[in-house]
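Below: the structure, in structure tokens.
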Amino acid sequence: MIIVLLGPPGVGKGTQGVRISQHFGIPAISTGAMFREAIAKGTPLGKEIQKYHIEKGEYVPDDVVIRAIEERITEADCANGFLLDGFPRTVTQAEALTQLLEQQGRQLTAVLDFEAPQELLIRRFSGRRECPNDGSTYNLETNPPHRPGHCDLCGAPLVMREDDRPEVVQRRLEAYKEKTAPLIDYYRDRGVLYSVDADADPDVVFERVLTLLNRLRGEAGEEMR
């Protein structure tokens, strides 16, 4: 199962991606988390990414992102599938992903396009918090930590990410509309795009996703017979 998650920042892709990953036993690959980890560890990729100031909402060039994804999806844990959150962001990246999968003799199962009103997205951003130690994310409204203000895993004080601040969020939403929205048409034309109403409780959204993915798995199984 190979899945791509689309949708504007704050729509809940990260939360749903983790749950989908756990349910189907496939790795969830978040380019944002992957880049932040590379920067923190000071790897060659991290040093290159630092040039582009992703903490201010800027985008990393396509060739750098594609190279990083190509390396990641060839790792052993991706043999039975994977989920991509934050990639592709542009049609150029989508075309590159299609070529990479074709080279491996694989294809996309589904592209899930999560949709929600802008006012809901703004509210989610204002409540999002992250653990500076392990990268765990929470939302004060939809996914609060058990102990207010502290990470469930390590107990560290949670912080607001720089890219969750209002001026940065505005740039991210504008960049999404300009660069990423055309992917909807790209994947719709290829018959793999499915819209998911994300304006609901996360459990409800997850049930919608499971219903869809289980149906697609059943259809894929019928085609293979």
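The values are calculated or read from the model by the stated rules, or taken from the named source; none is laboratory data. This structure is a prediction, so every number in the text was calculated from the model and none was measured. Virtual Cβ from ideal backbone geometry, glycine too; neighbours counted across all protein chains shown. Ligands, DNA and RNA are stripped out before the accessible areas are found, and what is left, the full protein with its side chains, is counted by its heavy atoms. Shrake-Rupley method; radii C 1.70, N 1.55, O 1.52, S 1.80 Å.
Taking the stretch 164-188 as the range and being among the acidic types (Asp, Glu) and farther than 17 Å from residue 89 by Cα as the test, the residues that pass are 164, 167. Of all residues in the stretch 136-168, those that are part of a loop (DSSP other than H, G, I, E, B) and at pLDDT below 85 total 4.
With the condition kept exactly as written, say whether any residue in the stretch 11-23 is surrounded by fewer than 18 Cβ atoms within 10 Å (Cβ to Cβ), more than 15 Å from the chain's Cα centre (by Cα) and either at pLDDT 85 or above or not basic (Lys, Arg) (or both). Within the stretch 11-23, one or more residues are surrounded by fewer than 18 Cβ atoms within 10 Å (Cβ to Cβ), more than 15 Å from the chain's Cα centre (by Cα) and either at pLDDT 85 or above or not basic (Lys, Arg) (or both). Per the conditions (1) open to solvent by 10 Å² or more (accessible area, probe 1.4 Å); (2) without any contact (Cβ under 8 Å) to a residue 24 or more places away in the chain; (3) in contact with a helix residue (DSSP H, G or I) (Cβ under 7 Å, 6 or more places away or on another chain), the sole criterion not satisfied by residue 63 is (3). Quick check: anything in the stretch 123-134 closer than 19 Å to residue 164 by Cβ, in a helix (DSSP H, G or I) and open to solvent by 80 Å² or more (accessible area, probe 1.4 Å)? Yes; the residues of the stretch 123-134 include at least one that is closer than 19 Å to residue 164 by Cβ, in a helix (DSSP H, G or I) and open to solvent by 80 Å² or more (accessible area, probe 1.4 Å).
Check whether at least one residue in the stretch 66-78 is within 22 Å of residue 207 (Cβ to Cβ) and open to solvent by 40 Å² or more (accessible area, probe 1.4 Å), and report yes or no. Checked against the condition, which is being within 22 Å of residue 207 (Cβ to Cβ) and open to solvent by 40 Å² or more (accessible area, probe 1.4 Å), the stretch 66-78 yields no hits at all. Exactly one condition in (1) at pLDDT 85 or above; (2) on the phi > 0 side of the Ramachandran plot; (3) surrounded by 19 or more Cβ atoms within 10 Å (Cβ to Cβ) is not met by residue 4; state its number. For residue 4, the failing item is (2). Residues that are in contact with a Phe, Trp or Tyr (Cβ under 6 Å, 6 or more places away or on another chain) and not in a helix (DSSP H, G or I) were ranked within the stretch 169-203; the one that is nearest to residue 15 (Cα to Cα) is 198.
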